[in-house]
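Visitor: To start, I am sharing the structure in question, which I have written as structure tokens.
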């Protein structure tokens, strides 16, 4: 039953994730300009060591469009050959999530096109989602500011809880 639920939810989740990523990319012209040079190339994320008790993540392959955006290749009938493969150790998804929430980038192994890898690295180092600006566009400044403060406080509390959790604290650095 868990597998069938995963099969229904994973594609919808991936499509929304791509929309968010493209929103962030679209807000930074330098990002889309860098990706335009790699039109039709495919970036694949491989979650190595994923626990067998958890539902397998969907295919994490993304094609770069002529506009410098991404499209998810998970709905493709045949597997897509990747131009760049990024392997992430996902043997402990909770630890991976805790490190990501504290701003740490996971250790990755990369194979493939060097220029594409350099541009993807630039994106990872320089792109930031301005949540406050998006909230202000949606709700106006009077509502956006308190919502952003509440979200920031919740994220900070979650980071603190993850760092103080037994078994995670010694392996993760303190939040900045």
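The values are calculated or read from the model by the stated rules, or taken from the named source; none is laboratory data. Values in this document were obtained by computation on a predicted structure and should not be read as measured data. So basically every Cβ, Gly included, is an ideal-geometry build from the backbone, and we count neighbours across all protein chains shown.
Visitor: Looking at the structure I just gave you, is residue 116 touching a residue at least 60 places away in the same chain (Cβ under 8 Å) and under 23 Å from residue 26 (Cα atoms)?
Guide: Values: touching a residue at least 60 places away in the same chain (Cβ under 8 Å): yes; under 23 Å from residue 26 (Cα atoms): yes.
Considered against the rule, which asks whether it is touching a residue at least 60 places away in the same chain (Cβ under 8 Å) and under 23 Å from residue 26 (Cα atoms), residue 116 comes out as yes.
Visitor: Would you point out which residue out of 106, 66, 58, 11 is modelled with pLDDT of 90 or more and in the same structural domain as residue 122 (by TED's automatic domain parsing)? Lay out the reasoning, then the answer.
Guide: On the way: 106 fails: modelled with pLDDT of 90 or more; 58 fails: modelled with pLDDT of 90 or more; 11 fails: modelled with pLDDT of 90 or more.
Result of the check over 106, 66, 58, 11: 66.
Visitor: Still on this structure, I have one more. What strands (runs of 3 or more DSSP E) completely inside segment 32-137 contain at least 2 residues that are within 30 Å of residue 153 (Cα to Cα)? Let's see the steps before the verdict.
Guide: Details: elements: 42-48, 61-64, 70-72, 84-89, 108-112.
Where strands (runs of 3 or more DSSP E) fall fully within segment 32-137 and carry at least 2 residues being within 30 Å of residue 153 (Cα to Cα), they are 84-89.
Visitor: Now for a separate question. Quick one: in segment 32-48, which of the residues that are closer than 16 Å to residue 84 by Cβ and in contact with a helix residue (DSSP H, G or I) (Cβ under 9 Å, 6 or more places away or on another chain) is modelled with the lowest pLDDT?
Guide: 47
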